Structures are given as C-alpha cells and as structure tokens.
Amino acid sequence: MKTELTINGAGHSLDADTRTTLLDALRNHLGLTGTKKGCDHGQCGACTVIVNGRRINSCLTLACMHDGDEVTTIEGLGSAADLSALQKAFIEHDGFQCGYCTPGQICSATAMIEEAKAGWPSHVTNDVASEPDLTDAEIAERMSGNLCRCSAYPNIVDAIRGVARGDSK
C-alpha cells in the first residue's frame, strides 16, 4: 500500500504491505535504525517515536495508518554535530548504560515535557488545574512505559528534570 509520511521533516513515499508496522517501515524500508525493536509487544518503549506531536509505540501501529502524518524519530531530534537538549543531558547525567533504550527514552521524554507544558495531568499530578511540576514521581509516572534493563533510571530522571526545568541546554 502506498503511504506518504513526513519523517524528520522530509517527505517519504512508502510502498509496503498493509501489515507493516511503523517500526519495521522506519528500520527496514527507510533505513532509520535509531528506533529500536525491543519486545515488539508495546511493553518496553524502545520503539517510541513522536507522531503529530504525540509519543507512540511504533511496534503497535501500522505504517499505512499514518498516511500524511508527521513522524519524528531520534534521528530528527538532533545529530552528532547538533545534539538536542535531552541528548546532551543524557550524556551529562550518564542517563544510559548499554544505550539500547536511549532513543525511545529521549523521544518519549521530549514529548512528555511538551505534554507537561500543555498542562496534561498524569495519574500522580496533585493539582490538575495547574501546570504539573515535574517532580521525580511525576517524571517516573510519565516515563513508566519506557523500560531500561540496565536500570539507569535515577540518571534518566535527572537528565529529564534538568531539561524540563531549564537547567540543561
């Protein structure tokens, strides 16, 4: 099926089987291998990308469902020469060990910070009428769909908190 996608700001025409997941389209058809295949069941978050400003597990959605959508992968958030604030913070705070989950963590955190700025509450938000304060508990709740098997969680939370509060640039 022919599918038109805007990925990291560039137009792509994809001709793939209707059963092709967005994850497989990105990795196998378009060569964007930053997004990782972890569990392939939507439980680990390694495949997290941003579609039209919202984070999703790309292993759980079909590419053809996103005809006309704007997709941002880790490759679209920064480059080796020009890292995003979160990418820099993950390095500064040692927010990774093996690095396998890092692209999904960074994509998820990027969208999560925008959700908090927009005032979206989480399960642990104390006052849903005000902008959520990204405390450690709030960040942990909002990032709970992204697993790190190396357990770098304290450093991941530090990196996200620093960027959300403007401490890291």
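Numerical summary
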{"quantity": "Long-range neighbours under 7 Å by Cβ, at least six apart or interchain, first residue acidic (Asp, Glu) within segment 1-28, second outside any strand (DSSP E or B)", "calculated": "Glu4/Asp67; Glu4/Gly68"}
{"quantity": "Any hit, segment 157-166, residues being at pLDDT 95 or above, crowded, with 21+ Cβ neighbours inside 10 Å and under 25 Å from Ala25 (Cα atoms)", "calculated": "no"}
{"quantity": "Strands (runs of 3 or more DSSP E) wholly inside segment 15-115 containing at least 3 residues that are touching a helix residue (DSSP H, G or I) at 6+ places or on another chain (Cβ under 7 Å) and surrounded by 18 or more Cβ atoms within 10 Å (Cβ to Cβ)", "calculated": "48-51"}
{"quantity": "Every residue from segment 117-144 that is more than 20 Å from Ile156 (Cα to Cα) and among the aliphatic types (A, V, I, L, M)", "calculated": "Ala118, Val128, Ala129"}
{"quantity": "Those residues of segment 131-162 which are assigned to a loop (DSSP other than H, G, I, E, B) and touching a Pro at 6+ places or on another chain (Cβ under 9 Å), in sequence order", "calculated": "Pro132"}
{"quantity": "Count of segment 131-152 residues which are under 16 Å from Met112 (Cα atoms) and either of a type outside the set (Val, Ile, Thr) or not assigned by TED's automatic domain parsing to the domain that holds Ser108 (or both)", "calculated": "15"}
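The values are calculated or read from the model by the stated rules, or taken from the named source; none is laboratory data. Since the model is a prediction, treat every value here as computed from it, not as a measurement. Ideal geometry is used to build each Cβ from the backbone, glycine not excepted, and the neighbour counts take in all protein chains shown.
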